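Following: one structure in structure tokens, then a few remarks.
The values are calculated or read from the model by the stated rules, or taken from the named source; none is laboratory data. What you see is a predicted model; the values in this text were computed from it and never measured. We place every Cβ from the backbone using ideal geometry, glycine too, and count neighbours over all the protein chains shown. The protein model used for the area step is the full one, side chains on, heavy atoms only, and it has no ligands, DNA or RNA in it. Shrake-Rupley method; radii C 1.70, N 1.55, O 1.52, S 1.80 Å.
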Amino acid sequence: MELERIRQQLRKPQPLFIGEEQAFRSAVIIPLIQKEDGWHILFEVRSATMRKQPGDISFPGGKIDDTDASIKDAAIRETEEELGVRREDIQILQELSPLIMSPSFVVYPVVAVIPDESHYRLNPDEVGSTFTIPVDWLLSHEAYRHYVPVKLQPKDDFPYDKIARGRDYKWRSRDMEEWFYEYEGHTVWGLTARILRYVIEQLKKDA
């Protein structure tokens with residue numbers, strides 16, 4: 001291959017990170033709704049009948065399908081399906097930096113204004129209930145943090161004979177941060193708290 005051909009190939013549009021095209025990709029909306037006391041962020045309590053993470057607190061969202069025209073379209077579609085709000089009533093404000101949990105799992109957050117709860121027709125298969133937290137409360141209350149140790153442990157069929165030091169290879173371990181918000185009996189944690197904390201930190205920055 002000639003150098004110019006190599007240059008041309010490398011100048012083509014690149015994914016956000018190596019492995020993005022093969023990763024499980026999901027989009028979520030951070031929903032802003034206006035109430036009498038100001039702006040709130042809305043959260044879903046996942047249905048108790050769901051196979052994955054029943055009862056957990058999350059933002060509206062889900063897997064980006066091949067038929068979705070964009071990240072925004074995927075987030076809007078999922079919000080329509082879960083909350084029953086109309087697409088035309090969802091006002092996208094901003095796409096945020098993706099949350100890359102691993103090369104195989106990435107979440108794309110989108111901030112949007114949506115109608116208040118009087119407009120919802122919750123999908124009972126996915127959403128048990130909703131609640132909101134005032135933005136002003138979030139700006140004045142810090143999340144707290146716990147650490148979860150994560151250790152890599154290859155399976156028995158791992159080809160140790162192909163790598164330096166074989167079975168004596170020193171696999172790196174690390175502590176993963178888990179953030180928590182407590183509000184009126186609700187605990188927001190995990191991916192949702194991680195994204196929420198990022199949003200609040202952006203709002204705190206000087207203009």
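Odds and ends about this structure:
- Residues being out of contact with any strand residue (DSSP E or B) (no Cβ under 7 Å at 6 or more places or on another chain), more than 14 Å from A27 (Cα to Cα) and not β-branched (V, I, T) - total across segment 85-108: 6
- The number of residues in segment 39-53 being open to solvent by 20 Å² or more (accessible area, probe 1.4 Å) and either in contact with a Leu (Cβ under 6 Å, 6 or more places away or on another chain) or over 18 Å from A193 (Cβ atoms) (or both) comes to 5.
- Segment 16-43: number of residues that are within 21 Å of L122 (Cβ to Cβ) and among the hydrophobic types (A, V, I, L, M, F, W, C): 9
- Residue pairs whose Cβ atoms lie under 7 Å apart, separated by 6 or more positions or on different chains, with the first residue in segment 82-95 and free of Cβ contacts under 8 Å to residues at least 24 places away in the same chain and the second of a type in the set (K, R) and part of a helix (DSSP H, G or I), are I92/K72.
- Considering residues of segment 193-207 that are in a helix (DSSP H, G or I) and either of a type in the set (K, R) or open to solvent by less than 30 Å² (accessible area, probe 1.4 Å) (or both) only, the residue farthest from V107 (Cα to Cα): K204
- Inter-residue pairs, beta-carbon under 6 Å, first more than 16 Å from V107 (Cβ to Cβ) and touching a residue at least 60 places away in the same chain (Cβ under 8 Å) and in segment 48-77, second of a type in the set (A, V, I, L, M) and open to solvent by 80 Å² or more (accessible area, probe 1.4 Å), 6+ apart: G55/A48
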